[in-house]
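Report on one structure; see the data block that follows.
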Amino acid sequence: TFVENKSCYIERQWFFGFVTRLSVFTQNVKPFGDYSFYSFSDDATRAPVSDFTLSGFRFSGRFAYGEKEVHPQFYDNESKFFMLKYPALSFEYSYGEKDLLKSQFDYQRLNLRVEHQQRIGRWGYLAYIVEGGKVWGKVPYPFLAIPFGNQSVIADKASFNNMNYLEFASDEYVSIHLEHHFEGFFLNKIPFNRYLKLREFIFGKVFAGRLSDKNNEQQWAFPDRLFAIEEPYVEVGFGIENILKISRIDFTWRLNYLNHPHVYGFLPKPSFQF
C-alpha cells in the first residue's frame, strides 16, 4: 500500500515528564502494484475500491515522572525510559467523522500503554509493556488494530518476531511483553564468562483480542493471510545479550496458529544494542 499522512498539531510540555499533543489529521491509503482493495455488494460480489480516506482529530500524551525528554507520540522509538522510579504512561484518542475533511468513515480509537523496568534484587530486572486498545466504527482493515509482526532476520523487541506482517486483525485488544534480564546471575557461574561477560534473559509475548462481526470482511475484503484474532497469540523464548558488548540473539518459539501459511515455529534472530 501507499499511505499519505497529513497533520497539523499543537503540543505542550506541562512540566518535566508530561507532554500532550492535539492534532488534526488526514490519512489516505491506496493499493500498490497488482494488489487491490475490494468491497462487497449486497449480492456478495466484489468491486475494486480506489482508496480509503480517514480524517479527524487526535489527542495523545505521555507521562514519565522524572524524565526530561518526553515525546507525545504513542509509539516513540526514541524513548529513553529506563529504570525510572515509576512506570511511563501513554495514551492516544482518535476521532473521525464521515465527510469531515473528506473522511469516508465514522471512527473512534483509544489506545493505552504502560511500560517500566523493575529491579528485582540480585535476580536482575523485569521489563514490561502492557498495551490495550479499542476501535469503534465500521472501517476497512488498514484502520483496525494490527499487531506488529516481524519477518526480517533482525529481532525487534517491540514486535512479535515469529508473527508475519499483517497476520492478525482486531478491533479490541490487549498485548503484553515481558522480558526478564538476569544480568549474569546464571552465566557468571561459568568460569570463562568472566571474560566474555555474557548476559541471559527470558521473554514472553501475548496478543489477545477479538474482531467484531461488522469489521470481519462484512463490507471490505481482507488481503490474503490476514486473519481475525481468535485465541491469544503467544511466543516465548530466551536469549543471550552483551555479545561483544554490541549485540544479542533471541531464540523464539511460536506456540500457536502454526497452521497459518508460511510461519515458523522456532527462529533465532540477532539484533544490535550497546
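The values are calculated or read from the model by the stated rules, or taken from the named source; none is laboratory data. Since the structure is predicted, the reported quantities are computational estimates derived from the model, not experimental observations. So basically every Cβ, Gly included, is an ideal-geometry build from the backbone, and we count neighbours across all protein chains shown. Ligands, DNA and RNA are excluded from the accessible area calculation, which covers all protein heavy atoms including side chains. Shrake-Rupley method; radii C 1.70, N 1.55, O 1.52, S 1.80 Å.
Taking Arg225, is it touching a residue at least 60 places away in the same chain (Cβ under 8 Å) and within 20 Å of Tyr141 (Cβ to Cβ)?
yes
Test Gly209 against the stated conditions and say whether it is at pLDDT 95 or above, assigned to a strand (DSSP E or B) and closer than 20 Å to Leu110 by Cβ. Spell out the reasoning first.
On the way: at pLDDT 95 or above: yes; assigned to a strand (DSSP E or B): yes; closer than 20 Å to Leu110 by Cβ: yes.
When the stated conditions are applied, Gly209 passes them.
When Glu69 is evaluated against the numbered criteria (1) under 25 Å from Thr20 (Cα atoms); (2) in contact (Cβ under 8 Å) with a residue 24 or more places away in the chain; (3) of a type in the set (D, E, K, R), which criterion, by number, is the only one it fails?
With (1) under 25 Å from Thr20 (Cα atoms); (2) in contact (Cβ under 8 Å) with a residue 24 or more places away in the chain; (3) of a type in the set (D, E, K, R) applied to Glu69, the lone miss is (2).
If Pro142 passes every condition in (1) in contact (Cβ under 8 Å) with a residue 60 or more places away in the chain; (2) in a strand (DSSP E or B) but one, which one does it miss?
(2)
Can you find a residue that is touching a Pro at 6+ places or on another chain (Cβ under 6 Å) and either modelled with pLDDT of 95 or more or open to solvent by less than 20 Å² (accessible area, probe 1.4 Å) (or both) anywhere in the stretch 249-262? Spell out the reasoning first.
Step one: of the stretch 249-262, the residues touching a Pro at 6+ places or on another chain (Cβ under 6 Å) are 249, 251.
Filter once more, so that each one left must be either modelled with pLDDT of 95 or more or open to solvent by less than 20 Å² (accessible area, probe 1.4 Å) (or both): 249, 251.
Among the residues of the stretch 249-262, at least one is touching a Pro at 6+ places or on another chain (Cβ under 6 Å) and either modelled with pLDDT of 95 or more or open to solvent by less than 20 Å² (accessible area, probe 1.4 Å) (or both), which makes the answer yes.
Could you list all residues from the stretch 197-209 that are more than 21 Å from Val263 (Cβ to Cβ) and in contact (Cβ under 8 Å) with a residue 40 or more places away in the chain?
Residues satisfying the conditions are Lys197, Leu198, Arg199, Glu200, Phe201.
Of all residues in the stretch 98-139, which are open to solvent by 40 Å² or more (accessible area, probe 1.4 Å), in contact with an Asp or Glu (Cβ under 7 Å, 6 or more places away or on another chain) and assigned to a loop (DSSP other than H, G, I, E, B)?
Answer for the stretch 98-139, where residues must be open to solvent by 40 Å² or more (accessible area, probe 1.4 Å), in contact with an Asp or Glu (Cβ under 7 Å, 6 or more places away or on another chain) and assigned to a loop (DSSP other than H, G, I, E, B): Lys98, Asp106.
Conditions tested, residue by residue: (1) modelled with pLDDT under 95; (2) out of contact with any strand residue (DSSP E or B) (no Cβ under 6 Å at 6 or more places or on another chain).
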{"site": "Lys102", "(1), (2)": "yes, no"}
{"site": "Asp106", "(1), (2)": "no, yes"}
{"site": "Arg113", "(1), (2)": "no, no"}
{"site": "Tyr125", "(1), (2)": "no, no"}
{"site": "Gly132", "(1), (2)": "no, no"}
{"site": "Tyr141", "(1), (2)": "no, no"}
{"site": "Ala145", "(1), (2)": "no, no"}
